[in-house]
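**Q** I'd like to ask you about the structure that follows.
The values are calculated or read from the model by the stated rules, or taken from the named source; none is laboratory data. Computed from a prediction, not measured in an experiment: that's the story for all the values here. Counting neighbours? That spans all protein chains shown, and the Cβs are built from the backbone with ideal geometry, glycine included. The accessibility values were calculated without ligands, DNA or RNA, using every heavy atom of the protein model including side chains. Shrake-Rupley method; radii C 1.70, N 1.55, O 1.52, S 1.80 Å.
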Amino acid sequence: MENVTQQFANNMNDLHYGNADFEIEMKPLMFTSDTSFGVKLNEVKKRAVVRVDTQECIGVVGPHYNAVTHKEMIDNQRAIIDRSSLDTLFIEENIITNHSGSRCIVKHTLPRQMIKTPDGDTAALSFLATNSFDGSFSFFLSVGARQSACMNGQIFTNDSATLYKSRHTRSL
């Protein structure tokens, strides 16, 4: 599922989130077991990541998992671009989620902000961010040229500088 938006001004506050526009909550995982004293409810040391709107479980994570919503990731990347002195006229925002929303990729391309690549070519500057609730992506933000990511977990960055990459731990 993909949401592509052309921006004609430097105001990124009016943009939407496409299919990444949902909240999550963390719920404990439980199971029942039959004992000689009856049915016992057991709690697992894992948590379910659940979409608030559909109540669908989109991931199972450990107790130290630090969730970052897709909207927070998108807002962070928008804020980085908005606070920069880059030419953001005609910026293109591309938000892609998988069918359940457990994975999200956002790419901003600045067509008026050209950079020279090491091989002497030129390319538009782009910002790439990934996030997931199912363990397929780390939280990842990068800037550079010729960048892309696939829903199968592959991230391609050529001639880019990674700004930040972190697992979803407490230090995120």
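**Q** For the chain, report the accessible area per residue in Å² (1.4 Å probe, heavy atoms, rounded to an integer).
**A** Ligands and nucleic acids excluded, the result is 55 Å² per residue.
**Q** I would also like to ask the following. Heads up, I need the accessible area for V49: 1.4 angstrom probe, whole protein in place, Å², nearest 10.
**A** Near enough 0 Å² of accessible area.
**Q** Follow-up question, since we're still on this one. Given labels modelled 7 Å from the Cα in the Cβ direction, how far is it in nm from L15 to T169?
**A** Distance between label points: 3.0 nm.
**Q** Could I ask something else about it? Roughly how compact is region 45-151, stated as its Cα Rg over 2.2 N^0.38 Å to two decimals?
**A** The reported ratio for this selection is 1.24.
**Q** Among the lysines, which have Cα under 23 Å from the Cα of K27 when same-chain residues fewer than 8 positions away are ignored?
**A** K40, K45, K46, K71
**Q** Using heavy-atom solvent-accessible surface (probe 1.4 Å) with all chains present, what is the largest-first order of T97, T32? Walk me through the intermediate numbers first.
**A** On the way: T97 5, T32 95 Å².
From most exposed to least exposed: T32, T97.
**Q** On a 0 to 90° scale, report how tilted helix 70-83 is relative to the longest principal axis of the chain, with both axes built from alpha carbons and the result rounded to the nearest 10.
**A** 20 degrees
**Q** Using a 1.4 Å probe on the protein chains only, how many percent of the accessible area of the chain belongs to carbon and sulfur?
**A** On the chain, the fraction of accessible area on carbon and sulfur atoms equals 51 percent.
**Q** Subtracting the Cα-Cα distance from 0.36 nm times the residue separation, let me have the gained length for F37 to V60 in nm, one decimal.
**A** So the extension gain works out to 5.3 nm.
**Q** Tell me the accessible surface of D82 in square angstrom (1.4 angstrom probe, heavy atoms of protein chains only), to the nearest ten.
**A** 60 Å²
**Q** For V44 and V68 in one chain, what is 0.36 nm times their gap in residues minus the Cα-Cα distance, to one decimal in nm?
**A** Length gained, V44 through V68: 6.4 nm.
**Q** Among the lysines, which have Cα under 27 Å from the Cα of K116 when same-chain residues fewer than 8 positions away are ignored?
**A** Within the straight-line cut-off, K116 pairs with K107, K165.
**Q** So, one more: For S136 and S100, calculate 0.36 nm times their separation in residues minus their Cα-Cα distance, and state this gained length in nm to one decimal. Don't jump to the answer; show the numbers that get you there.
**A** Numbers: separation 36, 0.36 × 36 = 12.96 nm, distance 1.33 nm.
Extra length from S136 to S100 when fully extended: 11.6 nm.
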